[in-house]
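Student: Let me begin by handing over the structure; questions about it come next.
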Amino acid sequence: MVSNSIKYAFLNKKGIIYVSLQKNYNKYRLIVSDSGKGYKKEDIKSNSFGIKLVESLVKKQLRGKISNKIEKDIFKYEIEF
């Protein structure tokens with residue numbers, strides 16, 4: 001997800017990549033977002049290789065769940081495991 005932000009989010013502009021890891025009891029939440037060009041929900045291709053790979057790793061190796069949302073034109077991935 002971070003490498004995707006580096007490649008596609010900023011289009012030769014400076015930007016910020018946000019990475020947060022929070023622990024709540026025995027669960028973790030990893031949040032990754034960036035200040036890049038943003039997405040519209042319909043632009044997200046859930047059948048892309050990268051998204052399938054991340055989803056598979058989260059579900060099978062971490063036994064977690066992954067979600068994405070857009071807040072104020074900022075695309076955010078959240079992984080709970």
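Student: Which pairs in the list Lys14/Lys60; Lys23/Lys72; Lys7/Lys60 are over 28 Å apart, alpha-carbon to alpha-carbon? Don't skip to the answer; put the middle values down first.
Tutor: Details: Lys14/Lys60 35 Å; Lys23/Lys72 25 Å; Lys7/Lys60 26 Å.
Listed pairs above 28 Å: Lys14/Lys60.
Student: Can you tell me the accessible area per residue over the chain, all protein chains present, probe 1.4 angstrom, in square angstrom?
Tutor: Dividing the accessible area of the chain by its residue count gives 81 Å².
Student: Now a separate question. Could you work out the helix-only [θ] at 222 nm for the chain, with each DSSP H run of four or more residues adding -39,500 (n - 2.57) and the total divided by the number of residues, to the nearest 500 deg cm²/dmol?
Tutor: Values: 2 runs with 15 residues, N = 81.
Mean residue ellipticity at 222 nm (helix-derived): -5000 deg cm²/dmol.
Student: Rounded to a whole number, what % of the accessible area of the chain do carbon and sulfur atoms account for, probe 1.4 Å?
Tutor: Ligands and nucleic acids excluded, carbon and sulfur reach 52 percent.
Student: Given the protein chains as shown and a 1.4 Å probe, how many square angstrom of Lys65 are accessible, to the nearest 10?
Tutor: 120 Å²
Student: Throw me the Rg/Rh for the chain, computed over C-alpha atoms with Kirkwood Rh, two decimals.
Tutor: 0.97
Student: If you count, for each residue, the other Cβ atoms within 10 Å and average over each peptide, how do 51-63, 15-27 line up from highest to lowest?
Tutor: Details: 51-63: 12.6, 15-27: 10.2.
Per-residue Cβ counts within 10 Å, averaged per peptide and sorted highest first, yield 51-63, 15-27.
Student: Which net charge results for the neighbourhood of Arg63, defined as the other residues with beta-carbon distances under 12 angstrom from its beta-carbon, given Lys and Arg at +1 and Asp and Glu at -1? Working shown, then result.
Tutor: Values: positive: Lys27, Lys59, Lys60, Lys65; negative: Glu80.
Local net charge: +3.
The values are calculated or read from the model by the stated rules, or taken from the named source; none is laboratory data. These figures come from a predicted structure and were not determined experimentally. All Cβ positions, glycine included, derive from the backbone under ideal geometry; neighbour counts span all protein chains shown. Note: accessible area is taken over every heavy atom of the protein model, side chains too, but ligands, DNA and RNA are not part of it. Shrake-Rupley method; radii C 1.70, N 1.55, O 1.52, S 1.80 Å.
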